[in-house]
Amino acid sequence: MAVTSPPAGVLHGLKMAPSHVLRCCQRALNWIPVLFINLVVGWSYYAYVVELCVYTIPNNAERISYLVIFHIFLTMFVWSYWKTICSRPAAASKAFGLPRAEKELYEREERAETQQEILKKVARDLPVFTRTAGGAIRYCDHCQIIKPDRCHHCSTCEMCVLKMDHHCPWVNNCVGFSNYKYFVLFLAYASLYCVVICATVIKYFIKFWTKQLPDTHAKFHILFLFFVAALFFVSILSLLSYHLWLVGKNRTTIEAFRAPVFINGQDKSGFSLGFKRNVAEVFGDEAKYWIFPVFSSPADGKADPCVLGNNIQHTPDDSKEKNDAGQTVSVTMESGP
């Protein structure tokens with residue numbers, strides 16, 4: 001009996017299936033840190049509201065005041081946390097992709113020098129001022145785009161992310177242009193949430209420790225709640241302090257470790273606008289919106305949320321118009337790949 005081999009398309013599908021399953025499993029595993037944070041917050045809510053306020057605190061006025069303060073900071077913490085998670089990373093505009101003719105030439109060309117000439121020709125019409133460490137045009141082979149300034153490819157998100165700071169496993173998302181304000185507020189409100197817990201629990205923590213209160217099931221929750229809140233506060237405060245420093249310098253974590261390279265060389269402060277404008281780049285011009293995890297346009301309250309302003313302090317090549325030190329280059333970006 002003749003044995004026929006399966007069609008090539010079937011074999012290709014069988015080979016692709018395991019990799020697809022692995023990617024799905026990886027994406028599911030990426031949510032474990034987020035699930036852990038939510039479980040800790042859920043337990044802290046039960047321990048504080050039920051075990052402390054309902055079962056332990058005898059005074060109604062104290063109980064109500066504690067509950068009001070607790071829920072205010074919990075709301076701001078959860079709001080900013082989920083805004084960080086749910087904000088889709090901002091991707092570069094299609095304008096940064098190679099035109100069809102240049103793309104075909106680039107893909108056929110094997111010599112790196114000629115490929116760079118093709119990229120330089122296309123980059124003349126784009127507001128791109130940073131280069132690789134070797135002085136070449138920054139190009140992403142995965143996304144097939146010329147990378148805008150401060151844009152980097154994230155292997156986890158499988159896309160180039162504008163003003164990428166880092167990929168954070170605790171939010172299962174890239175922290176960048178679209179959600180950096182939310183991320184900083186998440187750290188700030190997480191710290192304040194821990195401070196509120198520690199400040200209000202410590203009195204009853206001491207009473208349980210010195211056996212001034214009955215040894216009930218609430219004792220374990222209150223003791224553990226104080227230690228967990230204090231531990232998280234110390235770790236989050238250090239991270240918050242670092243990112244506030246980055247905001248003041250208008251740097252990303254990537255740029256702090258590796259200074260951006262411009263046409264005339266490296267400059268770690270190449271994107272700095274001065275402290276006030278650096279803060280406005282992240283939080284917006286109107287201070288009344290700073291404490292809320294809502295979009296506030298950088299440097300212009302009327303600008304589109306997909307507009308990225310970069311201050312360029314370096315002179316581009318002769319084929320481009322020269323920029324003064326205070327000029328802002330605005331590039332329209334897309335919120336998705």
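Between K121 and L239, what FRET efficiency comes out of the Förster formula 1/(1 + (r/R0)^6) with R0 = 41 Å and r the beta carbon distance, rounded to 0.05?
0.45
Determine ³J(HN,Hα), in whole Hz, for all residues of the stretch 148-153 in sequence, where each value follows from phi through the Karplus function 6.51 cos²θ - 1.76 cosθ + 1.60 and θ = phi - 60°; x replaces Gly and Pro.
So the J values, rounded to whole Hz, are x, 4, 6, 9, 9, 7.
Just grab the label-to-label distance for A287 and R27, each label 7 Å out from Cα along the Cβ direction, in nm (one decimal).
Taking the simple label geometry, A287 and R27 are separated by 4.4 nm.
Using only Cα atoms, locate the centre of the stretch 77-138 and the centre of the stretch 198-274, then give the distance between them in Å, rounded to an integer.
Distance between centres, Cα-based: 34 Å.
Looking at the stretch 33-134, which GluC sites (Glu not before Pro) are DSSP coil and have at most 12 other C-beta atoms within 10 Å of their C-beta?
E110
In whole percent, how big is the carbon plus sulfur part of the accessible area of the stretch 44-98, probe 1.4 Å, protein atoms only?
Of the solvent-accessible surface of the stretch 44-98, carbon and sulfur hold 69 percent.
Largest first, how would H142, H243 line up by accessible area (1.4 Å probe)?
H142, H243
How long is the gain from I263 to L213 if the chain were fully straight, where each residue apart is worth 0.36 nm and the alpha carbon distance is subtracted?
Extra length available between I263 and L213 comes to 11.1 nm.
Along the stretch 57-73, what does the Karplus equation 6.51 cos²θ - 1.76 cosθ + 1.60 (θ = phi - 60°) give for ³J(HN,Hα), rounded to whole Hz, x for Gly and Pro?
Per residue, the Karplus-derived 3J(HN,Hα) values read 6, x, 8, 5, 4, 5, 4, 5, 4, 4, 5, 5, 4, 4, 6, 5, 6 Hz.
For the stretch 120-242, what is the accessible area per residue in Å², given a 1.4 Å probe and the full set of protein chains?
That works out to 44 Å² per residue.
Count neighbours as other Cβ atoms within 10 Å of each site's Cβ, and list the trypsin sites (Lys or Arg not before Pro) in the stretch 195-276 that are DSSP loop with at most 12 such neighbours.
K211, R258
The values are calculated or read from the model by the stated rules, or taken from the named source; none is laboratory data. Just so you know, these numbers come straight off a predicted model, no measurement behind them. Neighbour counts run over all protein chains shown; Cβ positions are idealised from the backbone, glycine included. For the accessible areas, the whole protein counts, side chains as well, though only heavy atoms, and no ligand, DNA or RNA atoms are used. Shrake-Rupley method; radii C 1.70, N 1.55, O 1.52, S 1.80 Å.
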